[in-house]
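Encoded as C-alpha coordinates, the structure appears first; notes follow it.
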Amino acid sequence: MQLYLPIADIPVNIFLVLAMGAAVGFVSGMFGIGGGFLMTPLLIFIGIAPAVAVASVASHIAASSFSGAISYWRRRAIDPTLALILLSGGTIGTALGVWTFTYLRSLGQLDLMIGLSYVVLLTAVGGAMAYEGLRAMLRTRRGGTVTLRRPGSHGWIHGLPLKMRFKRSKIYLSIIPVIFVGLVIGFIGAVMGIGGGFILVPLMIYLLRVPTSTVIGTSMVLTLVTMIFATLLHAVTNHLVDAVLALILMVGGVTGAQFGARAGQKIRGEHLRLLLGLLVLAVGIRFAVELVIRPADLFTIRETGGAAP
Amino acid sequence: MTARALLVLAGLLVAIPAASPACAERLIVSVSNHRVTVTPNYSGEELVLFGSVERDADTPPGRTNYDLVVSVIGPRADMVTRRKERRFGIWINSDYRQFLQVPTYLALFSNRPFDQIASPEVQRRQQLGLNNVLLMQRVGPDYADVVPNDVFRSAFVRLRIEHGLYREETSTVTFLTPTLFRTTIPLPAEVPIGTYNVEIKLFTDGALVTKADTAFEIVKVGFEQFVANTARQNGLAYGLVTAAMALMTGWMASIVFRRD
(Lines give C-alpha, C1' and ligand atoms only; values in the text may rest on other atoms or scores of the structure.)
Protein backbone atom coordinates (compact mmCIF):
# COMPACT_ATOMS: atom_id res chain seq x y z
CA MET A 1 0.00 0.00 0.00
CA GLN A 2 1.50 3.30 -1.10
CA LEU A 3 1.31 6.37 1.09
CA TYR A 4 2.43 9.86 0.14
CA LEU A 5 4.70 11.52 2.72
CA PRO A 6 3.86 15.23 3.13
CA ILE A 7 7.37 16.52 3.98
CA ALA A 8 9.59 14.00 2.22
CA ASP A 9 7.39 14.54 -0.89
CA ILE A 10 7.56 10.97 -2.12
CA PRO A 11 5.23 7.97 -1.88
CA VAL A 12 6.47 4.99 0.13
CA ASN A 13 5.19 1.50 0.79
CA ILE A 14 3.64 1.71 4.26
CA PHE A 15 4.34 -1.95 5.11
CA LEU A 16 7.97 -1.68 4.08
CA VAL A 17 8.51 1.31 6.39
CA LEU A 18 6.57 -0.42 9.18
CA ALA A 19 8.78 -3.51 8.84
CA MET A 20 11.93 -1.40 8.82
CA GLY A 21 10.76 0.35 11.99
CA ALA A 22 10.00 -2.98 13.67
CA ALA A 23 13.36 -4.51 12.72
CA VAL A 24 15.36 -1.54 13.97
CA GLY A 25 13.09 -1.33 17.04
CA PHE A 26 13.84 -4.97 17.86
CA VAL A 27 17.58 -4.31 17.68
CA SER A 28 17.27 -1.15 19.74
CA GLY A 29 15.17 -2.84 22.44
CA MET A 30 17.55 -5.77 22.62
CA PHE A 31 20.77 -3.79 22.96
CA GLY A 32 19.43 -0.61 24.53
CA ILE A 33 20.62 1.54 21.67
CA GLY A 34 18.67 4.07 19.63
CA GLY A 35 19.32 2.41 16.31
CA GLY A 36 19.72 5.68 14.42
CA PHE A 37 22.92 4.42 12.80
CA LEU A 38 20.82 1.66 11.19
CA MET A 39 17.58 3.53 10.46
CA THR A 40 19.01 6.62 8.76
CA PRO A 41 20.94 4.68 6.07
CA LEU A 42 17.88 2.46 5.48
CA LEU A 43 15.62 5.47 4.90
CA ILE A 44 18.13 7.08 2.56
CA PHE A 45 18.30 3.77 0.71
CA ILE A 46 14.54 3.79 -0.02
CA GLY A 47 14.84 7.27 -1.49
CA ILE A 48 14.12 9.70 1.36
CA ALA A 49 16.27 12.83 1.38
CA PRO A 50 19.10 12.50 3.96
CA ALA A 51 18.09 15.65 5.83
CA VAL A 52 14.47 14.47 6.20
CA ALA A 53 15.66 10.99 7.21
CA VAL A 54 17.94 12.30 9.98
CA ALA A 55 15.26 14.65 11.31
CA SER A 56 12.44 12.08 11.30
CA VAL A 57 14.54 9.26 12.76
CA ALA A 58 15.13 11.34 15.92
CA SER A 59 11.45 11.13 16.91
CA HIS A 60 11.33 7.42 16.03
CA ILE A 61 14.26 6.76 18.37
CA ALA A 62 12.55 8.83 21.08
CA ALA A 63 9.44 6.63 20.87
CA SER A 64 11.41 3.37 20.87
CA SER A 65 13.59 4.37 23.79
CA PHE A 66 10.62 5.69 25.80
CA SER A 67 8.75 2.40 25.53
CA GLY A 68 11.99 0.56 26.32
CA ALA A 69 12.74 2.86 29.25
CA ILE A 70 9.29 2.22 30.75
CA SER A 71 9.80 -1.54 30.78
CA TYR A 72 13.29 -1.16 32.23
CA TRP A 73 11.92 1.22 34.86
CA ARG A 74 9.39 -1.40 35.95
CA ARG A 75 12.21 -3.90 36.33
CA ARG A 76 14.11 -1.31 38.40
CA ALA A 77 16.86 -1.43 35.81
CA ILE A 78 17.33 2.35 35.55
CA ASP A 79 19.62 4.37 37.77
CA PRO A 80 17.93 7.82 37.91
CA THR A 81 20.84 9.60 39.60
CA LEU A 82 23.31 8.29 37.05
CA ALA A 83 20.96 9.25 34.20
CA LEU A 84 20.60 12.79 35.53
CA ILE A 85 24.34 13.37 35.81
CA LEU A 86 24.96 11.88 32.36
CA LEU A 87 22.32 14.24 30.97
CA SER A 88 23.95 17.31 32.46
CA GLY A 89 27.12 16.44 30.56
CA GLY A 90 25.11 15.46 27.49
CA THR A 91 23.46 18.87 27.24
CA ILE A 92 26.80 20.68 27.14
CA GLY A 93 28.11 18.14 24.63
CA THR A 94 25.09 18.62 22.35
CA ALA A 95 25.53 22.39 22.33
CA LEU A 96 29.25 22.00 21.46
CA GLY A 97 28.33 19.44 18.80
CA VAL A 98 25.79 21.71 17.09
CA TRP A 99 28.38 24.49 17.01
CA THR A 100 30.98 22.15 15.46
CA PHE A 101 28.38 20.89 12.95
CA THR A 102 27.74 24.43 11.73
CA TYR A 103 31.48 25.14 11.52
CA LEU A 104 32.20 21.96 9.51
CA ARG A 105 29.35 22.73 7.15
CA SER A 106 30.83 26.17 6.45
CA LEU A 107 34.06 24.39 5.43
CA GLY A 108 32.06 22.30 2.90
CA GLN A 109 33.31 18.87 3.92
CA LEU A 110 30.63 17.86 6.40
CA ASP A 111 29.59 14.74 4.46
CA LEU A 112 33.14 13.44 4.40
CA MET A 113 33.62 14.14 8.11
CA ILE A 114 30.38 12.30 8.93
CA GLY A 115 31.39 9.39 6.70
CA LEU A 116 34.86 9.16 8.23
CA SER A 117 33.64 9.43 11.81
CA TYR A 118 31.06 6.69 11.11
CA VAL A 119 33.83 4.42 9.82
CA VAL A 120 36.29 5.15 12.62
CA LEU A 121 33.77 4.98 15.46
CA LEU A 122 31.72 2.03 14.25
CA THR A 123 34.63 -0.19 13.30
CA ALA A 124 36.59 0.66 16.46
CA VAL A 125 33.67 0.28 18.86
CA GLY A 126 32.20 -2.71 17.01
CA GLY A 127 35.54 -4.45 16.74
CA ALA A 128 36.38 -3.95 20.41
CA MET A 129 32.94 -5.17 21.52
CA ALA A 130 32.96 -8.21 19.28
CA TYR A 131 36.47 -9.12 20.44
CA GLU A 132 35.58 -8.71 24.11
CA GLY A 133 32.36 -10.70 23.72
CA LEU A 134 34.18 -13.49 21.93
CA ARG A 135 36.86 -13.67 24.59
CA ALA A 136 34.27 -13.80 27.37
CA MET A 137 32.44 -16.59 25.56
CA LEU A 138 35.59 -18.63 25.16
CA ARG A 139 36.35 -18.15 28.84
CA THR A 140 32.90 -19.49 29.79
CA ARG A 141 33.40 -22.47 27.56
CA ARG A 142 36.66 -23.24 29.33
CA GLY A 143 34.79 -23.01 32.61
CA GLY A 144 36.21 -19.72 33.84
CA THR A 145 34.27 -16.96 35.54
CA VAL A 146 32.41 -14.50 33.35
CA THR A 147 31.73 -11.77 35.86
CA LEU A 148 33.11 -8.46 34.76
CA ARG A 149 36.34 -7.73 36.53
CA ARG A 150 36.05 -4.86 38.89
CA PRO A 151 39.56 -4.62 40.16
CA GLY A 152 40.39 -2.23 42.93
CA SER A 153 43.58 -1.54 41.08
CA HIS A 154 41.63 0.40 38.40
CA GLY A 155 43.31 3.49 39.74
CA TRP A 156 42.85 6.86 38.20
CA ILE A 157 39.06 6.95 37.73
CA HIS A 158 38.48 5.91 41.30
CA GLY A 159 41.03 8.38 42.55
CA LEU A 160 39.06 11.38 41.20
CA PRO A 161 37.30 13.72 43.62
CA LEU A 162 33.54 14.52 43.90
CA LYS A 163 32.59 10.93 44.56
CA MET A 164 28.97 9.96 44.72
CA ARG A 165 27.07 6.81 45.59
CA PHE A 166 24.80 5.50 42.82
CA LYS A 167 22.44 3.32 44.83
CA ARG A 168 20.59 1.51 42.06
CA SER A 169 23.82 0.59 40.29
CA LYS A 170 25.63 -0.15 43.54
CA ILE A 171 28.71 1.82 42.54
CA TYR A 172 30.67 4.56 44.26
CA LEU A 173 32.10 6.82 41.60
CA SER A 174 33.38 10.32 40.92
CA ILE A 175 30.92 12.40 38.86
CA ILE A 176 33.72 13.84 36.71
CA PRO A 177 34.07 10.81 34.35
CA VAL A 178 30.26 10.48 34.26
CA ILE A 179 29.81 14.06 33.07
CA PHE A 180 32.68 13.55 30.63
CA VAL A 181 31.03 10.46 29.11
CA GLY A 182 27.74 12.36 28.77
CA LEU A 183 29.58 15.22 27.11
CA VAL A 184 31.30 12.96 24.58
CA ILE A 185 28.01 11.23 23.69
CA GLY A 186 26.15 14.52 23.33
CA PHE A 187 28.89 15.89 21.08
CA ILE A 188 29.10 12.80 18.86
CA GLY A 189 25.32 12.59 18.66
CA ALA A 190 24.92 16.17 17.47
CA VAL A 191 27.72 15.97 14.90
CA MET A 192 26.83 12.56 13.49
CA GLY A 193 23.05 12.78 13.88
CA ILE A 194 22.75 9.64 15.99
CA GLY A 195 21.66 8.89 19.56
CA GLY A 196 25.05 7.47 20.43
CA GLY A 197 23.72 4.55 22.49
CA PHE A 198 26.07 2.05 20.90
CA ILE A 199 29.04 4.08 22.13
CA LEU A 200 27.46 4.97 25.47
CA VAL A 201 26.77 1.37 26.50
CA PRO A 202 30.39 0.16 26.16
CA LEU A 203 31.72 3.38 27.73
CA MET A 204 29.48 2.81 30.75
CA ILE A 205 30.44 -0.85 31.02
CA TYR A 206 34.18 -0.57 30.51
CA LEU A 207 35.04 2.93 31.69
CA LEU A 208 32.51 3.60 34.44
CA ARG A 209 32.11 -0.06 35.43
CA VAL A 210 28.36 0.29 35.69
CA PRO A 211 26.83 -3.18 36.22
CA THR A 212 25.12 -4.64 33.14
CA SER A 213 21.77 -4.68 34.96
CA THR A 214 21.37 -0.90 34.89
CA VAL A 215 23.42 0.00 31.81
CA ILE A 216 20.81 -0.46 29.13
CA GLY A 217 17.89 1.17 30.96
CA THR A 218 19.98 4.16 31.96
CA SER A 219 21.40 4.67 28.48
CA MET A 220 17.84 4.58 27.12
CA VAL A 221 16.89 7.53 29.34
CA LEU A 222 19.80 9.52 27.95
CA THR A 223 18.87 8.60 24.37
CA LEU A 224 15.22 9.52 25.00
CA VAL A 225 16.00 13.01 26.27
CA THR A 226 18.59 13.85 23.59
CA MET A 227 16.31 12.60 20.79
CA ILE A 228 13.29 14.59 22.03
CA PHE A 229 15.58 17.61 22.07
CA ALA A 230 16.86 16.79 18.57
CA THR A 231 13.29 16.43 17.22
CA LEU A 232 12.39 19.88 18.53
CA LEU A 233 15.60 21.42 17.14
CA HIS A 234 15.10 19.88 13.69
CA ALA A 235 11.44 20.95 13.60
CA VAL A 236 12.24 24.53 14.57
CA THR A 237 15.36 25.10 12.45
CA ASN A 238 14.98 22.96 9.31
CA HIS A 239 11.22 22.17 9.15
CA LEU A 240 12.20 18.74 7.89
CA VAL A 241 10.55 16.38 10.39
CA ASP A 242 8.05 14.22 8.49
CA ALA A 243 5.42 13.44 11.11
CA VAL A 244 3.68 10.83 8.93
CA LEU A 245 6.93 8.98 8.27
CA ALA A 246 7.86 9.30 11.95
CA LEU A 247 4.50 7.87 13.07
CA ILE A 248 4.83 4.79 10.86
CA LEU A 249 8.39 4.23 12.06
CA MET A 250 7.32 4.72 15.68
CA VAL A 251 4.48 2.23 15.54
CA GLY A 252 6.78 -0.37 14.01
CA GLY A 253 9.64 0.65 16.29
CA VAL A 254 7.88 0.44 19.66
CA THR A 255 6.41 -2.95 18.78
CA GLY A 256 9.80 -4.26 17.76
CA ALA A 257 11.45 -2.71 20.83
CA GLN A 258 9.14 -4.62 23.20
CA PHE A 259 10.05 -7.97 21.69
CA GLY A 260 13.68 -6.91 21.45
CA ALA A 261 13.82 -5.98 25.14
CA ARG A 262 12.41 -9.41 26.09
CA ALA A 263 14.83 -11.21 23.80
CA GLY A 264 17.68 -9.17 25.25
CA GLN A 265 16.87 -10.31 28.79
CA LYS A 266 17.06 -13.96 27.73
CA ILE A 267 20.41 -13.70 26.01
CA ARG A 268 23.58 -13.84 28.07
CA GLY A 269 25.50 -10.60 28.45
CA GLU A 270 28.58 -11.68 26.55
CA HIS A 271 26.54 -13.05 23.65
CA LEU A 272 24.65 -9.77 23.53
CA ARG A 273 27.92 -7.82 23.39
CA LEU A 274 29.29 -10.04 20.66
CA LEU A 275 26.12 -9.67 18.58
CA LEU A 276 25.98 -5.91 18.99
CA GLY A 277 29.71 -5.69 18.27
CA LEU A 278 29.31 -7.63 15.03
CA LEU A 279 26.32 -5.52 13.98
CA VAL A 280 28.11 -2.23 14.63
CA LEU A 281 31.23 -3.55 12.91
CA ALA A 282 29.20 -4.59 9.84
CA VAL A 283 27.68 -1.12 9.45
CA GLY A 284 31.12 0.45 9.94
CA ILE A 285 32.65 -1.76 7.25
CA ARG A 286 29.80 -0.92 4.89
CA PHE A 287 30.58 2.78 5.30
CA ALA A 288 34.29 2.10 4.83
CA VAL A 289 33.64 0.17 1.62
CA GLU A 290 31.56 3.05 0.34
CA LEU A 291 34.46 5.44 0.87
CA VAL A 292 37.14 3.21 -0.64
CA ILE A 293 35.41 1.61 -3.62
CA ARG A 294 34.91 3.67 -6.75
CA PRO A 295 31.28 4.85 -6.63
CA ALA A 296 28.94 3.73 -9.42
CA ASP A 297 28.27 7.37 -10.17
CA LEU A 298 30.88 10.00 -9.49
CA PHE A 299 28.32 12.77 -9.68
CA THR A 300 25.59 13.75 -7.25
CA ILE A 301 22.97 16.48 -7.37
CA ARG A 302 21.66 18.32 -4.38
CA GLU A 303 19.01 20.98 -4.27
CA THR A 304 20.30 24.00 -2.42
CA GLY A 305 16.98 25.73 -1.98
CA GLY A 306 15.79 28.88 -3.67
CA ALA A 307 12.81 27.11 -5.22
CA ALA A 308 10.88 29.89 -6.88
CA PRO A 309 7.11 29.50 -6.91
CA MET B 1 -13.39 13.42 -37.40
CA THR B 2 -16.11 15.67 -38.71
CA ALA B 3 -15.83 19.40 -38.78
CA ARG B 4 -18.69 19.60 -36.30
CA ALA B 5 -16.91 17.45 -33.75
CA LEU B 6 -13.81 19.54 -34.16
CA LEU B 7 -15.81 22.66 -33.52
CA VAL B 8 -17.26 21.20 -30.31
CA LEU B 9 -13.81 20.15 -29.16
CA ALA B 10 -12.38 23.57 -29.92
CA GLY B 11 -15.18 25.13 -27.89
CA LEU B 12 -14.20 23.06 -24.88
CA LEU B 13 -10.60 24.06 -25.03
CA VAL B 14 -9.20 27.15 -23.39
CA ALA B 15 -8.18 29.50 -26.12
CA ILE B 16 -4.86 31.24 -25.71
CA PRO B 17 -4.09 33.62 -28.53
CA ALA B 18 -0.63 33.56 -30.07
CA ALA B 19 1.92 36.16 -29.08
CA SER B 20 2.27 37.75 -32.46
CA PRO B 21 -0.99 38.55 -34.26
CA ALA B 22 0.85 38.95 -37.58
CA CYS B 23 1.14 35.17 -37.86
CA ALA B 24 -1.24 33.34 -40.04
CA GLU B 25 -1.74 30.47 -37.59
CA ARG B 26 -2.98 30.37 -34.05
CA LEU B 27 -2.53 27.61 -31.49
CA ILE B 28 -5.34 26.59 -29.20
CA VAL B 29 -4.25 24.29 -26.41
CA SER B 30 -5.39 22.86 -23.13
CA VAL B 31 -4.18 20.29 -20.61
CA SER B 32 -6.52 17.63 -19.26
CA ASN B 33 -6.09 18.84 -15.70
CA HIS B 34 -4.95 22.29 -14.60
CA ARG B 35 -4.67 21.34 -10.95
CA VAL B 36 -3.05 18.06 -10.03
CA THR B 37 -3.77 17.30 -6.38
CA VAL B 38 -1.40 15.25 -4.29
CA THR B 39 -3.41 12.96 -2.03
CA PRO B 40 -2.20 10.20 0.35
CA ASN B 41 -2.33 7.62 -2.44
CA TYR B 42 -0.65 9.80 -5.08
CA SER B 43 1.98 7.87 -7.00
CA GLY B 44 2.48 9.78 -10.19
CA GLU B 45 0.05 10.84 -12.88
CA GLU B 46 -0.21 11.40 -16.57
CA LEU B 47 -1.68 14.54 -18.10
CA VAL B 48 -2.85 14.94 -21.66
CA LEU B 49 -2.28 18.07 -23.69
CA PHE B 50 -4.69 18.74 -26.55
CA GLY B 51 -4.45 21.41 -29.14
CA SER B 52 -5.32 22.50 -32.60
CA VAL B 53 -3.74 24.73 -35.18
CA GLU B 54 -6.19 27.43 -36.22
CA ARG B 55 -5.72 28.66 -39.76
CA ASP B 56 -7.08 31.87 -41.17
CA ALA B 57 -7.30 33.67 -44.51
CA ASP B 58 -3.62 34.61 -44.48
CA THR B 59 -2.48 31.02 -44.15
CA PRO B 60 -0.84 29.85 -47.35
CA PRO B 61 -3.24 27.26 -48.75
CA GLY B 62 -2.08 23.67 -48.59
CA ARG B 63 0.40 24.29 -45.75
CA THR B 64 0.10 21.24 -43.53
CA ASN B 65 3.71 20.29 -42.83
CA TYR B 66 3.55 21.40 -39.19
CA ASP B 67 6.02 20.45 -36.49
CA LEU B 68 5.29 20.87 -32.80
CA VAL B 69 7.58 21.15 -29.80
CA VAL B 70 6.09 21.08 -26.30
CA SER B 71 8.22 22.12 -23.31
CA VAL B 72 6.95 21.48 -19.78
CA ILE B 73 8.96 23.48 -17.26
CA GLY B 74 8.54 22.78 -13.56
CA PRO B 75 9.31 25.10 -10.63
CA ARG B 76 12.88 26.40 -10.65
CA ALA B 77 15.49 25.87 -7.93
CA ASP B 78 19.23 26.17 -7.32
CA MET B 79 21.12 22.89 -7.46
CA VAL B 80 24.67 21.75 -6.96
CA THR B 81 26.36 18.96 -8.90
CA ARG B 82 29.38 17.47 -7.16
CA ARG B 83 32.04 15.18 -8.52
CA LYS B 84 33.85 12.63 -6.38
CA GLU B 85 37.57 12.13 -6.73
CA ARG B 86 40.00 9.74 -5.16
CA ARG B 87 42.20 11.38 -2.54
CA PHE B 88 44.37 9.45 -0.07
CA GLY B 89 42.59 6.23 -1.05
CA ILE B 90 39.05 7.40 -0.36
CA TRP B 91 36.42 8.93 -2.61
CA ILE B 92 35.47 12.43 -1.60
CA ASN B 93 33.53 15.28 -3.16
CA SER B 94 36.15 17.50 -4.69
CA ASP B 95 34.79 19.71 -7.47
CA TYR B 96 31.31 21.13 -7.90
CA ARG B 97 29.21 23.41 -10.09
CA GLN B 98 26.24 25.45 -9.02
CA PHE B 99 23.20 25.48 -11.31
CA LEU B 100 21.12 28.59 -10.78
CA GLN B 101 17.33 28.61 -10.99
CA VAL B 102 17.15 25.58 -13.25
CA PRO B 103 13.86 23.70 -13.74
CA THR B 104 13.29 20.90 -11.23
CA TYR B 105 11.17 19.17 -13.88
CA LEU B 106 11.73 19.55 -17.60
CA ALA B 107 10.07 17.60 -20.38
CA LEU B 108 10.54 18.26 -24.07
CA PHE B 109 8.22 16.57 -26.54
CA SER B 110 7.97 16.79 -30.29
CA ASN B 111 6.48 14.93 -33.24
CA ARG B 112 9.85 14.12 -34.82
CA PRO B 113 13.56 14.52 -34.00
CA PHE B 114 14.63 18.10 -33.40
CA ASP B 115 17.29 18.07 -36.12
CA GLN B 116 14.59 17.28 -38.68
CA ILE B 117 12.40 20.10 -37.41
CA ALA B 118 14.89 22.96 -37.61
CA SER B 119 18.49 23.89 -38.33
CA PRO B 120 21.06 23.74 -35.49
CA GLU B 121 20.96 27.53 -35.31
CA VAL B 122 17.17 27.61 -34.78
CA GLN B 123 17.39 24.69 -32.35
CA ARG B 124 19.84 26.63 -30.23
CA ARG B 125 17.88 29.87 -30.38
CA GLN B 126 14.55 28.19 -29.54
CA GLN B 127 16.16 25.88 -26.93
CA LEU B 128 14.98 22.70 -28.64
CA GLY B 129 16.26 19.56 -26.95
CA LEU B 130 17.99 19.04 -23.62
CA ASN B 131 21.34 19.89 -25.25
CA ASN B 132 20.07 23.34 -26.14
CA VAL B 133 18.11 24.25 -23.02
CA LEU B 134 19.69 27.07 -21.09
CA LEU B 135 20.99 25.80 -17.74
CA MET B 136 22.69 28.70 -16.02
CA GLN B 137 25.80 27.78 -14.07
CA ARG B 138 27.98 29.72 -11.72
CA VAL B 139 31.61 29.03 -12.57
CA GLY B 140 33.69 30.96 -10.11
CA PRO B 141 32.70 34.60 -10.47
CA ASP B 142 31.03 34.11 -13.89
CA TYR B 143 27.51 33.16 -14.84
CA ALA B 144 27.16 31.16 -18.01
CA ASP B 145 25.71 28.15 -19.70
CA VAL B 146 28.55 26.01 -20.97
CA VAL B 147 28.82 23.71 -23.97
CA PRO B 148 26.39 20.75 -23.97
CA ASN B 149 29.17 18.16 -23.51
CA ASP B 150 30.54 19.81 -20.37
CA VAL B 151 30.95 16.97 -17.82
CA PHE B 152 29.00 18.66 -15.05
CA ARG B 153 26.15 19.69 -17.33
CA SER B 154 25.82 16.26 -18.92
CA ALA B 155 26.05 14.52 -15.53
CA PHE B 156 23.35 16.84 -14.20
CA VAL B 157 21.02 16.14 -17.13
CA ARG B 158 21.75 12.40 -16.99
CA LEU B 159 20.93 12.17 -13.26
CA ARG B 160 17.72 14.14 -13.72
CA ILE B 161 16.72 11.83 -16.58
CA GLU B 162 17.41 8.77 -14.40
CA HIS B 163 14.89 10.10 -11.87
CA GLY B 164 12.31 10.72 -14.58
CA LEU B 165 12.45 14.44 -13.86
CA TYR B 166 14.02 15.46 -17.16
CA ARG B 167 12.90 13.85 -20.37
CA GLU B 168 13.17 14.35 -24.09
CA GLU B 169 10.89 12.38 -26.39
CA THR B 170 10.74 13.15 -30.07
CA SER B 171 7.80 10.98 -31.06
CA THR B 172 5.16 11.59 -28.41
CA VAL B 173 3.36 14.50 -30.07
CA THR B 174 0.86 12.96 -32.46
CA PHE B 175 -1.23 14.72 -35.08
CA LEU B 176 -4.73 13.24 -35.09
CA THR B 177 -5.58 15.31 -38.15
CA PRO B 178 -3.18 17.67 -39.97
CA THR B 179 -4.16 20.39 -37.48
CA LEU B 180 -5.29 18.56 -34.32
CA PHE B 181 -2.65 17.22 -31.99
CA ARG B 182 -2.19 15.63 -28.58
CA THR B 183 0.64 14.56 -26.30
CA THR B 184 0.90 12.99 -22.85
CA ILE B 185 2.84 14.56 -19.99
CA PRO B 186 4.03 11.88 -17.55
CA LEU B 187 4.58 13.09 -13.99
CA PRO B 188 6.68 10.76 -11.80
CA ALA B 189 5.82 10.07 -8.15
CA GLU B 190 8.59 12.31 -6.81
CA VAL B 191 7.48 15.27 -8.92
CA PRO B 192 8.17 18.67 -7.32
CA ILE B 193 5.21 20.68 -6.01
CA GLY B 194 4.54 23.97 -7.77
CA THR B 195 3.53 25.68 -10.98
CA TYR B 196 4.40 24.10 -14.32
CA ASN B 197 4.55 26.19 -17.48
CA VAL B 198 3.82 24.55 -20.79
CA GLU B 199 5.19 26.16 -23.95
CA ILE B 200 3.99 24.96 -27.32
CA LYS B 201 5.92 26.03 -30.39
CA LEU B 202 4.70 25.51 -33.95
CA PHE B 203 7.27 25.16 -36.71
CA THR B 204 6.92 24.83 -40.42
CA ASP B 205 9.75 24.46 -42.94
CA GLY B 206 12.29 24.86 -40.14
CA ALA B 207 10.98 28.22 -38.93
CA LEU B 208 8.96 29.16 -35.88
CA VAL B 209 5.43 30.15 -36.90
CA THR B 210 3.76 30.80 -33.60
CA LYS B 211 3.71 29.73 -29.99
CA ALA B 212 1.28 29.43 -27.12
CA ASP B 213 1.52 29.02 -23.35
CA THR B 214 -0.53 27.29 -20.76
CA ALA B 215 0.15 26.08 -17.24
CA PHE B 216 -0.90 23.62 -14.61
CA GLU B 217 -0.07 23.34 -10.95
CA ILE B 218 0.71 20.46 -8.65
CA VAL B 219 -0.60 21.12 -5.17
CA LYS B 220 -0.93 19.29 -1.89
CA VAL B 221 -4.46 19.30 -0.50
CA GLY B 222 -6.17 18.34 2.73
CA PHE B 223 -4.05 16.54 5.29
CA GLU B 224 -0.81 16.72 3.24
CA GLN B 225 -1.16 20.47 2.84
CA PHE B 226 -2.02 20.94 6.51
CA VAL B 227 1.04 18.99 7.67
CA ALA B 228 3.39 20.72 5.24
CA ASN B 229 2.09 24.19 6.16
CA THR B 230 2.23 23.57 9.89
CA ALA B 231 5.78 22.24 9.68
CA ARG B 232 6.84 25.38 7.84
CA GLN B 233 4.89 28.00 9.74
CA ASN B 234 4.70 26.66 13.30
CA GLY B 235 7.93 24.73 13.65
CA LEU B 236 7.93 24.67 17.45
CA ALA B 237 4.31 23.55 17.80
CA TYR B 238 4.88 20.93 15.11
CA GLY B 239 7.99 19.67 16.88
CA LEU B 240 6.20 19.54 20.23
CA VAL B 241 3.30 17.60 18.72
CA THR B 242 5.72 15.15 17.06
CA ALA B 243 7.63 14.70 20.33
CA ALA B 244 4.36 14.20 22.23
CA MET B 245 3.31 11.68 19.57
CA ALA B 246 6.58 9.81 20.12
CA LEU B 247 6.03 9.67 23.89
CA MET B 248 2.39 8.60 23.46
CA THR B 249 3.33 5.83 21.04
CA GLY B 250 6.05 4.58 23.36
CA TRP B 251 3.74 4.68 26.38
CA MET B 252 0.87 2.97 24.55
CA ALA B 253 3.19 0.18 23.45
CA SER B 254 4.40 -0.42 26.98
CA ILE B 255 0.74 -0.72 28.13
CA VAL B 256 -0.34 -2.95 25.25
CA PHE B 257 2.61 -5.28 25.67
CA ARG B 258 2.67 -5.26 29.48
CA ARG B 259 2.90 -8.81 30.77
CA ASP B 260 3.16 -8.54 34.55
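The values are calculated or read from the model by the stated rules, or taken from the named source; none is laboratory data. Computed from a prediction, not measured in an experiment: that's the story for all the values here. Please note: Cβ atoms are built from the backbone with ideal geometry, for glycine as well, and neighbour counts cover all protein chains shown.
Okay, here's what the table says:
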{"quantity": "Tally, over the range B:194-203, of residues that are among the β-branched types (Val, Ile, Thr) and surrounded by 19 or more Cβ atoms within 10 Å (Cβ to Cβ)", "calculated": "2"}
{"quantity": "Of all residues making up the range B:220-241, the number that are surrounded by 15 or more Cβ atoms within 10 Å (Cβ to Cβ), under 34 Å from the mean Cα position of the chain (by Cα) and assigned to a helix (DSSP H, G or I)", "calculated": "9"}
{"quantity": "Test: B:Glu217 is in contact (Cβ under 8 Å) with a residue 60 or more places away in the chain and either in a helix (DSSP H, G or I) or within 9 Å of chain A (Cβ to nearest Cβ) (or both)", "calculated": "no"}
{"quantity": "Residues (away from chain A (no Cβ under 14 Å), among the hydroxyl-bearing types (Ser, Thr, Tyr) and touching a strand residue (DSSP E or B) at 6+ places or on another chain (Cβ under 8 Å)) located in the range B:25-70", "calculated": "B:Ser30, B:Ser32, B:Ser52, B:Thr59, B:Tyr66"}
{"quantity": "Conditions (1) of a type in the set (D, E, K, R); (2) at pLDDT below 85; (3) surrounded by fewer than 18 Cβ atoms within 10 Å (Cβ to Cβ); number of the one not met by B:Arg82", "calculated": "(3)"}
{"quantity": "Count of residues meeting criterion [in contact with an Asp or Glu (Cβ under 6 Å, 6 or more places away or on another chain) and either more than 11 Å from chain A (Cβ to nearest Cβ) or of a type in the set (Lys, Arg) (or both)] in the range B:152-201", "calculated": "4"}
{"quantity": "Per-region count, the range A:248-288, residues surrounded by fewer than 21 Cβ atoms within 10 Å (Cβ to Cβ) and at the interface with another protein chain (Cβ under 10 Å from one of its Cβ atoms)", "calculated": "4"}
{"quantity": "Residue in the range B:85-97 that is in a helix (DSSP H, G or I), more than 7 Å from every other protein chain (Cβ to nearest Cβ) and touching a helix residue (DSSP H, G or I) at 6+ places or on another chain (Cβ under 7 Å) present", "calculated": "no"}
{"quantity": "Any chance B:Arg138 is in a strand (DSSP E or B) and more than 23 Å from the chain's Cα centre (by Cα)", "calculated": "no"}
{"quantity": "Subset of the range B:141-151 that is more than 14 Å from chain A (Cβ to nearest Cβ) and not in a strand (DSSP E or B) - its residue that is farthest from B:Val53 (Cα to Cα)", "calculated": "B:Pro141"}
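Let's see how each residue does on (1) over 18 Å from the mean Cα position of the chain (by Cα); (2) in a helix (DSSP H, G or I):
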site: A:Met204; (1), (2): no, yes
site: A:Thr218; (1), (2): no, yes
site: A:Val221; (1), (2): no, yes
site: A:Val236; (1), (2): yes, yes
site: A:Ala246; (1), (2): no, yes
site: A:Arg262; (1), (2): yes, yes
site: A:Leu272; (1), (2): no, yes
site: A:Ile301; (1), (2): yes, no
